[in-house]
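The values are calculated or read from the model by the stated rules, or taken from the named source; none is laboratory data. Given the structure is predicted, the values throughout are model-derived calculations rather than measurements. Glycine gets a Cβ as well: all are built from the backbone with ideal geometry, and neighbour counts include every protein chain shown. Quick note on the areas: whole protein, heavy atoms, side chains included, nothing else; ligands and nucleic acids left out. Shrake-Rupley method; radii C 1.70, N 1.55, O 1.52, S 1.80 Å.
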Amino acid sequence: MSRIFLVDDHTIVRDGLRALLTHEPNITIVGEASNGQELLDRLPTTPADVVLLDANMPVLDGLATTLRLRAEYPQVRVLILSMLAHERYIGQLFDAGASGYVLKSAEKDEILVAIQMVISGRQFLCSDLGLNMLRKVLAKDDEPDETTKASRLSRRESEVLQLLAEGLTTNEIAEKLFTSKRTIETHRQNILEKTQTKNTAALIRLAVTQGLLD
């Protein structure tokens, strides 16, 4: 039988969790608290295996409570149940010792799975958060890095870039390459777009850092 302690500053949330878990086999609710300090005060006389912990509470919030639990009660598993979806804060909670993180908007079955995963010693991140983070990672991987952007330049664009870096004006470059001013302006605009730089100064900085200039 796994002992669960509910910690949330909203009574209605604790009531809902109690109603959700009361009839679940192998789970018993041993206590409730409205903040982290109240939990820590009661744990010596009310042992628990898993703490369902809100992230945003008065007196002692989820992060501070998780750090205290890891230091004072390392055997107690922490499952965060929160409305907060900030990735950096979620990472901080896992680093602090939390075993799982579930949004309060999650379905009943997912909350139960999270509890079972945490009880078994594994980590859990609810599906909505996991999918959102995966999308961001994939989107970031699809973005070309600076070297890839610069390598898209044609031979002529590379020549124009070199001459821009040498301080030549558009007219001077046009004369040197035996072409029109409009053509050079077009090359310059194409270079800015390919490298995603805003102006010539930013373009030159990129070229220098990537070793593209002779």
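Using 0.36 nm per residue of separation minus the Cα-Cα distance, give me the extension gain between residue 71 and residue 192 in nm, one decimal. Mind dumping the intermediate values first?
On the way: separation 121, 0.36 × 121 = 43.56 nm, distance 5.30 nm.
Net length gain for the segment: 38.3 nm.
Once the Cα gyration tensor of the stretch 13-78 is found, what semi-axes does its equivalent ellipsoid get, as square roots of 5 times the eigenvalues, in whole Å, sorted largest first? The partial results should precede the final answer.
On the way: eigenvalues 77, 41, 20 Å².
After scaling each eigenvalue by five and taking roots: 20, 14, 10 Å.
How far is it, in nm, from the label point at residue 122 to the one at residue 56 when both lie 7 Å from their Cα along the line to the Cβ?
Placing both labels 7 Å along Cα→Cβ, they lie 3.1 nm apart.
Protein chains only, probe 1.4 Å: how do 86, 10, 187, 23 rank by accessible area, largest first? Can you show the working numbers first?
Working: 86 120, 10 95, 187 40, 23 160 Å².
The ordering from most to least exposed comes out as 23, 86, 10, 187.
How large are Rg and Dmax for the chain when calculated on the C-alpha trace, in angstrom?
28.5, 88
What dipole magnitude, in Debye to the nearest 20, does the stretch 18-84 give about its Cα centre under +1 on Lys/Arg Cβ and -1 on Asp/Glu Cβ?
120
Could you please state, rounded to a whole Å, how far the C-alpha centre of the stretch 52-73 is from the C-alpha centre of the stretch 165-209?
Cα centres, the stretch 52-73 to the stretch 165-209: 56 Å.
Can you send over the carbon and sulfur percentage of the accessible area for the chain, probe radius 1.4 Å, protein chains only? Please list the in-between numbers first.
Details: 6090 of 11990 Å².
Percent of accessible area from carbon and sulfur atoms in the chain: 51.
Summing -39500 (n - 2.57) over the DSSP H runs of n ≥ 4 in the chain and dividing by its residue number, what mean residue ellipticity at 222 nm do you reach, to the nearest 500 deg cm²/dmol? Numbers along the way, then the final one.
Numbers: 11 runs with 116 residues, N = 214.
After summing the helix terms and dividing by residue count, I get -16000 deg cm²/dmol.
What FRET efficiency would be calculated for the residue pair residue 92, residue 11, taking the C-beta separation as r and a Förster radius of 25 Å, to the nearest 0.05? Intermediate results must be reported in sequence, preceding the final value.
Working: r = 27 Å, r/R0 = 1.08.
Once rounded, the FRET efficiency stands at 0.40.
Going by a ≥ b ≥ c, the root eigenvalues of the Cα gyration tensor, does the stretch 65-119 fall in the rounded group (a/c under 1.5), the prolate group (a/b larger than b/c) or the oblate group?
Values: a/c = 2.64, a/b = 1.29, b/c = 2.04.
Verdict is oblate for the stretch 65-119.
Averaged per residue, what accessible area in Å² does the chain show with a 1.4 Å probe, protein chains only?
Numbers: 11990 Å² over 214 residues.
Ligands and nucleic acids excluded, the figure is 56 Å² per residue.
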